[in-house]
């Protein structure tokens, strides 16, 4: 038995999917099935209950899964400890992020981090929020970046920033002559928003409902860049994070209007799978996001939760 076999099995149990386990490990679905059969032959025990329609481990399978997780955890801890002893950061960091954070918050951190640690390879993937949680839970990525983080079993949440939401409007829009308005003045205007299943949309709707303001949403999109383009051509107005429209405001493509009687804030957070070992490079990157510094980490930063 190799460590790779143990990891593939644990990924299979976590995802409950042969195709997802195959994708996570860069192998074919057939290879996952073959490894499972080889494992059952090695231990002379049935690991998956094939009489069930849904994925379910046998008693022996549960015991193996528990033991394999402990072995992989110890191995990851030893690997992390050895890397720290070398005092040279290298390796890979895989990040899954929503568009607005990846395009407008992340670049300045990445620039500082890559300048300090050029031997670390950082891969950034843009995903919808619900898929980021899935990526984190399945171990497909090292960390996720989301807005309005949702408490979820198996997920650690590390807050790292708060963004003020402002109104974005075309220079041709009637509201563009104002620098600030009251939230009640939004009534009656065409609004462009995120899709209803996106946390920012849900939270903004809840905040405005509390102020007895119901927006007339006429268009919905799944990413912030498409919303901005629609606002630019005066198809409607949108409530967006202030930082995400800075360039368009400077270039005269959009007008920024503050909401003076209601504080609309969007919290941003790092999410990680609970209990997963944090490698030295990832520790440094998380520290940079949370307090803006790079350097030696204190011992207490080793804790996951």
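The values are calculated or read from the model by the stated rules, or taken from the named source; none is laboratory data. Predicted, not measured: the structure shown is a model, and the values here were computed from it. Counting neighbours? That spans all protein chains shown, and the Cβs are built from the backbone with ideal geometry, glycine included.
Only residues that are over 30 Å from residue 282 (Cα atoms) and assigned to a loop (DSSP other than H, G, I, E, B) were counted in region 25-78, giving 13.
Residues checked against (1) in contact (Cβ under 8 Å) with a residue 12 or more places away in the chain; (2) farther than 23 Å from residue 141 by Cα; (3) in the same structural domain as residue 141 (by TED's automatic domain parsing):
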{"site": "8", "(1), (2), (3)": "yes, no, no"}
{"site": "21", "(1), (2), (3)": "yes, no, no"}
{"site": "34", "(1), (2), (3)": "no, yes, no"}
{"site": "47", "(1), (2), (3)": "yes, yes, no"}
{"site": "52", "(1), (2), (3)": "no, yes, no"}
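Which residue is modelled with the highest pLDDT, if the candidates are limited to region 184-198 and must be crowded, with 19+ Cβ neighbours inside 10 Å and within 17 Å of residue 146 (Cβ to Cβ)? Only one residue tops the list, namely 194. Being surrounded by fewer than 20 Cβ atoms within 10 Å (Cβ to Cβ) and within 30 Å of residue 20 (Cα to Cα): is that true of residue 126 here? So residue 126 passes the test.
Summed over region 99-121, the residues that are part of a helix (DSSP H, G or I), surrounded by fewer than 17 Cβ atoms within 10 Å (Cβ to Cβ) and more than 18 Å from the chain's Cα centre (by Cα) give a count of 5. Scanning region 171-183 for residues that are more than 17 Å from residue 251 (Cα to Cα) and either exposed (fewer than 12 other Cβ atoms within 10 Å of the Cβ) or within 33 Å of the chain's Cα centre (by Cα) (or both) yields 174, 180, 181, 182, 183. Per the listing 169, 129, the residue uniquely closer than 20 Å to residue 193 by Cα, in contact with a helix residue (DSSP H, G or I) (Cβ under 7 Å, 6 or more places away or on another chain) and assigned by TED's automatic domain parsing to the domain that holds residue 275 is 129.
Yes/no per residue for (1) part of a helix (DSSP H, G or I); (2) assigned by TED's automatic domain parsing to the domain that holds residue 146; (3) at pLDDT 95 or above; (4) out of contact with any strand residue (DSSP E or B) (no Cβ under 7 Å at 6 or more places or on another chain):
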site: 225; (1), (2), (3), (4): yes, no, no, yes
site: 243; (1), (2), (3), (4): yes, no, no, no
site: 287; (1), (2), (3), (4): yes, yes, no, yes
site: 294; (1), (2), (3), (4): no, yes, no, yes
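Here residue 82 passes the criteria (1) under 30 Å from residue 110 (Cβ atoms); (2) touching a strand residue (DSSP E or B) at 6+ places or on another chain (Cβ under 7 Å); (3) without any contact (Cβ under 8 Å) to a residue 60 or more places away in the chain except the one numbered (2). For residue 22, the conditions (1) surrounded by 13 or more Cβ atoms within 10 Å (Cβ to Cβ); (2) out of contact with any helix residue (DSSP H, G or I) (no Cβ under 6 Å at 6 or more places or on another chain) all hold with the exception of (2). With respect to (1) farther than 30 Å from residue 124 by Cα; (2) modelled with pLDDT under 90; (3) assigned to a helix (DSSP H, G or I), the lone exception for residue 212 is condition (3). Of the residues making up region 250-261, not a single one is in a helix (DSSP H, G or I), crowded, with 16+ Cβ neighbours inside 10 Å and touching a residue at least 40 places away in the same chain (Cβ under 8 Å).
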